[in-house]
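The values are calculated or read from the model by the stated rules, or taken from the named source; none is laboratory data. Fair warning: this is a prediction, and the values are worked out from it, not measured in the lab. With ideal geometry, Cβ positions are generated from the backbone for all residues, glycine too; neighbour counts draw on all protein chains shown. SASA here: full protein model, heavy atoms, side chains in, ligands and nucleic acids out. Shrake-Rupley method; radii C 1.70, N 1.55, O 1.52, S 1.80 Å.
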Amino acid sequence: MIYYLKRCIGLPGDTIQIIDKVVYVNGEIFPNPKYVKFERAYILPKDQPDPRIFPKGAPFNEDNYGPIVVPKKGDVIKIDFSNFDAWETFIKREGHSIEIKNGKIYIDGIEKNEYVVEHDYYFMMGDNRDNSLDSRFWGFVPDKYIVGSPIIVYWSWNPDIPIFNIFAKIASIKFSRIGMIIK
């Protein structure tokens, strides 16, 4: 089993949007973490969708994403042919089959036009924003995959301080919780 450490930026029911690399949660700017890192000086334009982005077929990229609502248990999602691709993976991850047959949508073999969410979900992002596979790529993380919160982050110090300045380097170590451990 592989574990990942990502920052939780969206709770069940929150609306997430990224505009020109600035993260918004429920319409308010989500402050950048102290050591957030951007490797690219340029911003991917809104009209340049990335086919790797979640949900499948969305016109988003990692710098311009959403708005998208983080699902919560009990939410009802309308399913039709226009959003089938976007929700197919999500519904399968909840343990159900979904297919189009004879011009109709079937979930677990029963014709449906809506789906009731079974878990609370979270939206996770890495602090290395231009080089992080996270919820922008995998999708929402169900509550059952969150296994804990870190107490400290091993070797997370300011990379801009030279190693020969060891006392300043040690002083830059972060001892705060920065996210959730997910599997």
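Below are the figures for this structure:
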item	result
Some residue of the range 98-108 being closer than 16 Å to Phe137 by Cα and of a type in the set (S, T, N, Q)	no
Flag for Phe60 being among the aromatic types (Phe, Trp, Tyr) and open to solvent by 90 Å² or more (accessible area, probe 1.4 Å)	no
When residues of the range 48-96 are limited to those that are free of Cβ contacts under 8 Å to residues at least 60 places away in the same chain and among the hydroxyl-bearing types (Ser, Thr, Tyr), the one nearest to Gly139 (Cα to Cα)	Thr89
Residues of the range 90-140 that turn out to be open to solvent by 50 Å² or more (accessible area, probe 1.4 Å) and assigned to a helix (DSSP H, G or I), as a count	3
Unique match (being in contact with a strand residue (DSSP E or B) (Cβ under 7 Å, 6 or more places away or on another chain) and open to solvent by 90 Å² or more (accessible area, probe 1.4 Å)) among Lys34, Lys73, Lys46, Lys78	Lys78
Residue among Tyr35, Tyr42, Tyr3 that alone is without any contact (Cβ under 8 Å) to a residue 12 or more places away in the chain and more than 13 Å from the chain's Cα centre (by Cα)	Tyr42
Residues within the range 2-31 that are in contact with a helix residue (DSSP H, G or I) (Cβ under 9 Å, 6 or more places away or on another chain) and open to solvent by 80 Å² or more (accessible area, probe 1.4 Å), tallied	0
